[in-house]
1. Out of (1) over 23 Å from A:Thr38 (Cβ atoms); (2) more than 10 Å from every other protein chain (Cβ to nearest Cβ); (3) hydrophobic (A, V, I, L, M, F, W, C), the odd one out for A:Val133 is which?
2. Going residue by residue through segment B:310-324, is there one that turns out to be more than 34 Å from the chain's Cα centre (by Cα) and crowded, with 23+ Cβ neighbours inside 10 Å?
3. Residue check: is A:Leu166 under 15 Å from the mean Cα position of the chain (by Cα), within 14 Å of chain B (Cβ to nearest Cβ) and under 25 Å from B:Pro14 (Cα atoms)?
4. Criterion first (outside the structural domain of B:Tyr210 (by TED's automatic domain parsing) and not small (Gly, Ala, Ser)) does B:Gln70 satisfy it?
5. Any idea which residue in segment B:242-298 is surrounded by the fewest Cβ atoms within 10 Å (Cβ to Cβ), counting only those that are of a type in the set (Val, Ile, Thr) and over 25 Å from B:Ala11 (Cβ atoms)?
6. Could you list, in sequence order, all residues of segment B:88-115 that are part of a strand (DSSP E or B) and surrounded by 16 or more Cβ atoms within 10 Å (Cβ to Cβ)?
7. Go through segment B:370-387 and report how many residues are crowded, with 16+ Cβ neighbours inside 10 Å and among the small types (Gly, Ala, Ser).
8. On the basis of being facing chain B (nearest Cβ under 8 Å) and either touching a Pro at 6+ places or on another chain (Cβ under 6 Å) or not acidic (Asp, Glu) (or both), does A:Asn97 make the cut?
Amino acid sequence: MPEAFISLEEVTRSYSRGGETVHALDRVDLEIPKATFTALMGPSGSGKSTMLNLLGGLDRANAGRVMVDGDDLSLLGNAELARYRADNVGFVFQGFNLLPVLTALQNVELPLLLAPLSRAERRKHALYALELVGLSDRVHHRPSQLSGGQEQRVAIARALATDPKLILADEPTGDLDRNTADAVLDLLVRLNEEFDKTIVMVTHDARAAERAQRTVHLDKGELERIEENRPAGKLSTEEKKPDGAKEDDGAKAEPATTAATDAGGED
Amino acid sequence: MPWILLVKNIAAHPFRTFLTIGSLIVAVFLLCFLKTALVSLQAGVNSSASNRLIVQSAVSLFVDLPLNYQTKIEGIDGVDEVCKFQWFGGLYRDQMQFAQFGIDADRFLSAYPEVNVIAGDAKDLEARRTACIIGTKMADAFGFQVGDTIPIQGTIFTRPENEPWVFDVVAIYESTSPNVDENTMFFRWDYLDETLEAGSAYGPRGVGVYVIKLATGADGTAVARTVDERFANDSQRVQTTTEAEFQRQFVSMLGSVPTFLSSIGGGVLFAIFLAVLNTMLMAGRERTRDLGVLKALGFGNAVAFTLLILESLLICTIGGALGVGLAKLTEAPLGSGLRMILPTYVIGSETAIFGMGLALGIGVVAGLAPAWRAAGLKPVDALRSEA
């Protein structure tokens, strides 16, 4: 087993809801090696998104340790967590979460404002990230002028822009049709394989999870099992791409229809 | 700091921004107007000369004083000079367009050194019975020049068959102090008195007030007391006050008008504060998810706070600047239209700073609540927001 890039030790995250304590994560232990692509699966309320939020420093554990690349996130203050996110994490959300008032280029440049770069350098990095996701011809379009697939690719470009070690994707294909979802997954696989990004992706879609090297199954806040889909390393995206799937930036807001493991909704 | 978001967010809802800025413009304009009105009402009080006393009837300002009092007052220690003042109250073009006073031609200018003749010759005031001198504002408003005649319809002092009084403009003055209104005409009191005496006009003979110019080093309070005591048992008791106190009477005659104006100003201020606060709270709530995204990207709480407070400040700065600009732009027409009520309607730098200060203050206070909320948002909660 390679050295763990991410390590969760006895991690508990609980909420008080209507006077009751709900354990979103209950003493979970998990290790994720560097430069791997891991899918988190489980029914609603299983703790997938909670785990992703803890890894991204968006939320804090009540107990246990969340270690990412040697940083114990539970010891970091708010400002340090913000810095951690800026330096180490790229987020890809189900609803894309692009800022509607900014163009694609400006959205991608946004996280670069926190890096010690000149305006020209920021522009260069952002354009490169957009080129990587195949959107060089849409840089000056606003989110409302893009299709769902294009919006998600802009979001991925934004996640890549600062060259983070870790990319956290929360249902990145949840709002996309099958073909567009496949194109987005191809992109994530490529980022993992070609650029050695450690990717953790929450998904309800078993087909999407298959594109990861392993799938971590959660249920009721506990780690249920870990499935190895394929060994870490280079793998042709074509090999895993479903028959007939091709990139198509089709209509947005059309959720993937296959292999959802539960009734939907977020954790 | 994502400065671009500041501008883009404001521009994202142009109609709402336009309405908010528009209401700020109106409010700041109104506040500048009210402030200027209050300053103008107080101008006479604040700029009064300390070396002048006013002697009026102890009964009422509207009761005239006997003519022989002038000589008696001049005999009191500490009095340098005494000048008569008589309110004429005539109409020009059927309206009270400017004030008119009968004065002693040989004493007025020495009693009022702040009055400087800038056109014509002051000596002509003594030389010609029907002479008058007028202020620059009055000259500008009606196009009067030296050599013109001004027909005034008497209301207190009427002429047979309602004929107008005719005065000859011999000089135009400007005043270095707001206590002498430049929208005023001063003419010879003796012309009025002689006309009344000759039966060529009807009206009360007397003097409205006597203005005392104190001798150098004289104690105004002591002189005032002496004057009042001197006439305590005479035909008409008098009340002697400083010029500032005399001016204050006119402000107090307005009753609660200054308080009323201040209350309107306070109401306007509060209403606009609520409007901006509402706009900013809406903006803050609408951007909850965007703020969550910014925080997820690594921007700190301070950035979220700053974005909201600066947005509020930017809106209020634009509204405030345009409001002050509008007040300045309308200064001339409003000053002209209100010259009888507010003789010194000038939007000064103090008022402009006051207007901008209020706008910025509203910006800060109205921006605080949404900015505070933005800073305190947990990224994970903000990202879940439906807004």
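1. If we test A:Val133 against (1) over 23 Å from A:Thr38 (Cβ atoms); (2) more than 10 Å from every other protein chain (Cβ to nearest Cβ); (3) hydrophobic (A, V, I, L, M, F, W, C), just (1) comes out false.
2. Yes, segment B:310-324 has at least one match.
3. It is false that A:Leu166 is under 15 Å from the mean Cα position of the chain (by Cα), within 14 Å of chain B (Cβ to nearest Cβ) and under 25 Å from B:Pro14 (Cα atoms).
4. No: the conditions fail for B:Gln70.
5. Step by step, filter segment B:242-298, then rank; the result is B:Thr259.
6. B:Tyr92, B:Ala99, B:Gln100, B:Phe101, B:Gly102, B:Ile103, B:Val115
7. Total meeting the criteria: 4.
8. The answer is yes for A:Asn97.
The values are calculated or read from the model by the stated rules, or taken from the named source; none is laboratory data. On a predicted model such as this, the values are computed, not experimentally measured, just so you know. As a convention, Cβ positions derive from the backbone with ideal geometry for all residues, glycine included, and neighbour counts pool all protein chains shown.
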